[in-house]
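The values are calculated or read from the model by the stated rules, or taken from the named source; none is laboratory data. Please read all numbers here as calculations on a predicted model, not as lab measurements. For neighbour counting, all protein chains shown are included, and Cβ atoms are generated from backbone atoms with ideal geometry for every residue, glycine included.
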Amino acid sequence: MVSFSVHRLLKYWLPALLWMIFIFIGSTDLMSAEHTSRFLVPFLRWLAPDISTATVATIQLFFRKCAHLTEYAILAALFYRALSQGRNNFWRAAIFTFVVAAIYASLDEFHQSFVPSRTGAAWDVMIDTCGAVVGLALFVAFRRKKRRAMSSGL
């Protein structure tokens with residue numbers, strides 16, 4: 001019985017925990033705009049050599065905000081998966097997942113406010129929590145589709 005619990009812990013909770021660590025590492029100087037621009041700007045200049053600096057900055061901002069949305073969508077899907085573990089307690093698990101994602105997003109931005117090359121922004125918390133909603137919706141939709149396919153024998 002103990003190995004089953006450890007297996008369940010590793011299978012359901014370890015991915016969510018590892019993803020939270022990944023988000024925390026991303027909140028350091030390692031993923032600051034200065035560092036990510038070292039990859040994105042040369043790529044954009046290769047694609048369009050005459051691209052303006054303002055356009056590059058807009059594209060970089062867009063990609064960074066999409067990254068916020070995506071990382072919290074993944075976090076919410078992993079956390080919801082861990083909480084529900086195949087059971088049908090959708091609303092309770094979804095609400096708890098949303099609250100955890102919002103709290104973690106707030107703590108993440110608070111952490112960034114202490115990193116010299118980063119800033120903490122309430123706008124980013126909103127983007128992160130929207131990402132959590134998207135992640136929950138996609139996870140539930142894919143799981144329902146999978147269950148329907150399994151029940152119909154496909």
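Taken over the range 82-108, residues that are under 14 Å from the mean Cα position of the chain (by Cα) and touching a residue at least 60 places away in the same chain (Cβ under 8 Å) amount to 2.
Please find, among 84, 113, the residue that is within 18 Å of residue 15 (Cβ to Cβ) and of a type outside the set (A, V, I, L, M). Show your work before the answer.
On the way: 113 fails: within 18 Å of residue 15 (Cβ to Cβ).
After ruling out the rest, the residue left standing is 84.
So is residue 83 modelled with pLDDT under 95, crowded, with 17+ Cβ neighbours inside 10 Å and in contact with a helix residue (DSSP H, G or I) (Cβ under 6 Å, 6 or more places away or on another chain) or not? Judged against the criteria, residue 83 is a match.
Just one of the listed residues (121, 105, 137, 141) is surrounded by fewer than 17 Cβ atoms within 10 Å (Cβ to Cβ) and closer than 16 Å to residue 26 by Cα, and it is 121.
Pairing each residue of the range 117-142 that is under 14 Å from residue 90 (Cβ atoms) with any residue that is surrounded by 13 or more Cβ atoms within 10 Å (Cβ to Cβ) and modelled with pLDDT under 95, provided the two are 6+ apart or on different chains, yields C-beta distances under 6 Å for 136/80; 136/94; 139/80. Among the helices (runs of 4 or more DSSP H) confined to the range 1-88, the ones with at least 3 residues that are within 30 Å of residue 141 (Cα to Cα) and not hydrophobic (A, V, I, L, M, F, W, C) are located at 2-8, 53-84.
For the range 3-57, how many residues are touching a His at 6+ places or on another chain (Cβ under 9 Å) and of a type in the set (Asp, Glu)? Full working, then the answer.
Initial filter on the range 3-57 (touching a His at 6+ places or on another chain (Cβ under 9 Å)): 24, 27-29.
With of a type in the set (Asp, Glu) added as a condition, the list becomes 29.
Total satisfying the criteria: 1.
Set side by side, the residues 133, 115 differ, and just one is within 21 Å of residue 21 (Cα to Cα) and at pLDDT 95 or above, which is 133. Contact annotation: residue pairs with Cβ atoms under 7 Å, 6 or more positions apart or on different chains, pairing a residue in the range 24-49 that is surrounded by 10 or more Cβ atoms within 10 Å (Cβ to Cβ) with a partner that is hydroxyl-bearing (Ser, Thr, Tyr), are 29/117; 32/117; 34/117. If you take the residues in the range 1-23 that are of a type outside the set (A, V, I, L, M) and surrounded by fewer than 16 Cβ atoms within 10 Å (Cβ to Cβ), which one is farthest from residue 93 (Cα to Cα)? Within the range 1-23, the match that is farthest from residue 93 (Cα to Cα) is 3.
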